[in-house]
Amino acid sequence: MTVPPRLSQLMELADQGPALRAALAEEVAELLLAWPKDYPEAMRVMCETLLAQAARDGDAGARAKLKAKLKSDPELAARVLPHDPPRHALIAAARKKSGLEKMLADMLDVATPLAEKILRDSSGQSLAVAAHAVHLGRSDFSALALLLHPRGCRDEVYALLDAYDEITPAQANRTLRVWRDRNAK
């Protein structure tokens, strides 16, 4: 099988190591989105594998760029982008006290000021809705709530957990739609 020159260049870049992975991932994503008819399908599979590896090795910013780039082809995105649960990233950002607002806004597809308001809600209701909307389990919600609202009183901690327990996923999705509608105006 003859390998087209562009594919050869991409394979050579892949051998250069992680320093060029982000650039490589973007190039490979563009190629896959506009796959030339004269390129062998077997090479497409190799490129998808290469892109999946680059996406796993990249940082959150690089993955976000890839996600945006692959938005036009959700099936390709599902095959190559890692499916890390959001809990790890949210809890890590809450611990670092950095980037949580933007991350939550992106996950919920709302404006950052709304995400900030959600995170500041001392009742825990808004955070509980957001947690359900991004599929956080109760223990992950608990960790996030405690990091955001450190409290000494056991009753207040239980009140936060009760707020999570009282909201169903369907209610969370309805509230999220309202937030997005208000956000769009």
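The values are calculated or read from the model by the stated rules, or taken from the named source; none is laboratory data. Remember, it's a predicted structure, so these values are computed and weren't measured experimentally. Glycine also receives a Cβ, built like all others from the backbone with ideal geometry; neighbour counts cover every protein chain displayed. Ligands, DNA and RNA are stripped out before the accessible areas are found, and what is left, the full protein with its side chains, is counted by its heavy atoms. Shrake-Rupley method; radii C 1.70, N 1.55, O 1.52, S 1.80 Å.
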Tell me the residue from LEU90, LEU50, LEU32, LEU70 that is within 30 Å of ASP155 (Cα to Cα) and assigned to a helix (DSSP H, G or I), please. LEU90
Of (1) modelled with pLDDT of 85 or more; (2) surrounded by fewer than 18 Cβ atoms within 10 Å (Cβ to Cβ), ASP59 satisfies every one except (1)
Going residue by residue through segment 98-106, is there one that turns out to be part of a loop (DSSP other than H, G, I, E, B) and at positive phi? yes
Any residue at all in segment 114-125 that's assigned to a helix (DSSP H, G or I), open to solvent by 80 Å² or more (accessible area, probe 1.4 Å) and either within 18 Å of LYS97 (Cβ to Cβ) or in contact with a Cys (Cβ under 7 Å, 6 or more places away or on another chain) (or both)? yes
Could you list, in sequence order, the residues of segment 96-112 that are under 14 Å from LEU176 (Cα atoms), surrounded by 14 or more Cβ atoms within 10 Å (Cβ to Cβ) and under 11 Å from the mean Cα position of the chain (by Cα)? LEU104, ALA105, ASP106, MET107, LEU108
Going by the structure shown, is VAL134 open to solvent by less than 70 Å² (accessible area, probe 1.4 Å) and without any contact (Cβ under 8 Å) to a residue 24 or more places away in the chain? no
Residue pairs, Cβ under 8 Å, 6 or more apart or interchain, first in segment 17-36 and at pLDDT 75 or above, second aliphatic (A, V, I, L, M) and open to solvent by 50 Å² or more (accessible area, probe 1.4 Å). List them. ALA23/LEU13; LEU24/LEU13; GLU27/LEU13
